[in-house]
Amino acid sequence: MPTLPYPSTDLQEVRTRNNHARRIVAGFASAMPALTDVWRDIDGALNDMAALLAEITRLSAELHDTRLDRANLLAAMRAALAAHADGEPDPMWYLRDELDAPEMPSAASRRQA
């Protein structure tokens, strides 16, 4: 798999820091109830981060599956071209085989969403 143009972020570390920040906010909220609206806003932003992390995790898995599909199709194309160059009677078999291959469960569930 090609390297990403940006450093990979450790999502578990982000989740851990988010949970830690939520505990700190909860402590401040109980110690300073006069700022309830402020603490509620901060807690809402931290909750948004949890939802974003879940979406990033889902999209990363989808990207991985898409890259694998692309790599498999590219390999089938190269095999078909080589088979044609070798004079095989049915060089397109490699493409048909890849296109007819059963989908992985994660790919099939993505298309239903």
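Before moving on, here are some points about what is shown:
- Filter result for the condition that a residue is farther than 30 Å from Leu95 by Cα and among the charged types (D, E, K, R), over Asp69, Asp43: Asp43
- Residue within the range 28-49 that is within 30 Å of Glu103 (Cβ to Cβ) and β-branched (Val, Ile, Thr) present: no
- Screening the range 11-113 for helices (runs of 4 or more DSSP H) wholly inside it with 3 or more residues that are in contact (Cβ under 8 Å) with a residue 40 or more places away in the chain returns the ranges 36-85, 105-112.
FYI, it's all coordinate maths here, none of it is from the lab. Everything quoted here is computed from the prediction, not taken from an experiment. Positions of Cβ are generated from backbone atoms using ideal geometry, with glycine treated the same way; all protein chains shown enter the neighbour counts.
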